[in-house]
Amino acid sequence: MISKEHKKHTDLKRPAIGNFGRNEWAIVGAPCVYIKGLADRIISTLSADYKCAYADTSHNDEVVLAPGRLANGAYLEYTDQINHQQFNYNTVSKPFGQRQQFADADLVLVNGNHQQAKAQVVIIYENKRASLQKRLEQLTNVELILLAENMDEPFDFIQESVPNWQNVPLYRLEETEKIISFFLNKLKHAKPMLNGLVLAGGKSQRMGFDKGAVNWFGKEQRYYMADMLKPLCNEVFISCRDDQKHEIDINYNVLSDTFTSLGPYGAILSAFREQPDSAWLVIACDLPLVDSDAIQFLVDNRNVSKIATAFNSPQNEFPEPLITIWEPKSYPALLSFLSQGYSCPRKVLINSDVHLLQAPNPEALTNVNTPEDLEKVKRTLHQKIAST
């Protein structure tokens with residue numbers, strides 16, 4: 001017999017994802033042609049800056065056989081269509097798989113006549129009055145009401161069923177600019193909060209002593225970096241191994257690795273495991289020449305539509321993963337790479353849609369991994385001090 005206190009599964013923090021994505025709206029209350037037309041207008045305007053997605057159900061009753069090789073028993077067919085890629089599945093789509101497919105989307109619009117979403121746009125269209133009334137239980141979070149032609153106010157049952165409906169934005173269906181502004185405002189307010197993560201959990205084997213404890217600027221480097229991130233982040237954490245926690249000053253937040261033996265990769269995953277809806281400004285403690293200007297530049301040029309914003313490394317022109325803003329949408333990407341046997345954050349950046357920046361001062365990205373590197377940076381710092 002299992003006691004009530006017993007927990008069978010680990011209590012993981014789940015991201016705020018709906019049926020498809022974080023920011024999703026079902027458009028309901030009008031014929032499908034109206035819904036598709038509205039979705040087209042929204043997507044065509046927003047797609048320049050945001051990744052937009054659409055979910056619907058086919059209405060072509062004449063299609064009897066599955067397309068292509070699916071008709072012969074294949075469960076999956078991929079086709080490179082030159083200007084787009086197409087995947088056809090001969091299997092039932094389940095919620096967990098759907099979320100994986102839509103994980104990169106900033107905005108998901110859904111035909112609410114066939115699919116549901118965690119927020120709704122309700123169109124008041126006379127010929128769909130009865131159909132809409134049957135869907136009242138789906139209207140759990142109405143955020144926008146649109147009046148079709150010849151309609152002056154929402155139906156009585158909408159007024160009765162939607163709490164505080166008077167406070168919900170109300171536009172006419174043809175007022176495209178207002179509708180676009182509504183979604184733009186929603187996406188801007190949905191910008192993930194930014195946390196800071198100072199990587200200080202390495203064993204510093206090449207250096208021979210803890211790099212995070214080096215005193216470059218009057219305090220240990222891990223604390224110096226954390227203090228530099230504080231003005232730009234909601235919360236700042238020092239990432240370390242579990243056996244290091246007792247070494248960290250109690251005035252600093254600690255986030256110990258829960259994905260062990262994976263180095264920086266495990267530290268980033270551990271941060272997302274703790275707060276999956278936050279973005280993480282990750283910075284290694286072995287970058288002593290990084291200054292607040294470099295970090296401010298990274299934050300100012302952050303692109304939330306990409307999985308990450310990173311600098312190009314001045315050494316090899318590859319992305320520099322350890323001074324990078326990782327967006328929440330990178331969490332499933334990192335896990336996916338790990339499931340394929342890769343634990344290199346740079347490989348994830350190289351093979352993903354990221355926003356790459358040229359560092360205003362490339363010298364700021366200098367790593368210190370060996371005693372030789374240490375001496376070089378010491379000379380550089382002494383020269384800077386002497387020049388000022």
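Things to note:
- Filter result (under 18 Å from the mean Cα position of the chain (by Cα) and outside any loop (DSSP other than H, G, I, E, B)) within the stretch 87-143: Phe96, Gly97, Gln98, Arg99, Gln100, Gln101, Leu107, Val108, Leu109
- Taking (1) under 16 Å from Ile27 (Cα atoms); (2) open to solvent by 50 Å² or more (accessible area, probe 1.4 Å) in turn, Leu109 satisfies each apart from (2).
- Of the residues making up the stretch 233-254, those that are open to solvent by 10 Å² or more (accessible area, probe 1.4 Å) and either aliphatic (A, V, I, L, M) or touching a residue at least 12 places away in the same chain (Cβ under 8 Å) (or both) number 13.
- Considering Asp293, Asp243, Asp277, the condition of being assigned to a loop (DSSP other than H, G, I, E, B) and acidic (Asp, Glu) is satisfied by Asp277 alone.
- Filter result for Arg172 (at pLDDT below 95 and among the charged types (D, E, K, R)): no
- Scan of the stretch 331-355 for residues that are assigned to a loop (DSSP other than H, G, I, E, B) and among the small types (Gly, Ala, Ser), ordered by number: Gly341, Ser343, Ser352
- Hits in the stretch 19-44 - residues which are part of a loop (DSSP other than H, G, I, E, B), under 26 Å from Leu147 (Cβ atoms) and open to solvent by 10 Å² or more (accessible area, probe 1.4 Å): Asn23, Pro31
The values are calculated or read from the model by the stated rules, or taken from the named source; none is laboratory data. Model, not experiment: these values are computed from the prediction. Cβ sites come from the backbone with ideal geometry, for glycine too, and all protein chains shown count toward neighbours. Accessible surface is based on the protein model in full, side chains and every heavy atom, while ligands, DNA and RNA are left aside. Shrake-Rupley method; radii C 1.70, N 1.55, O 1.52, S 1.80 Å.
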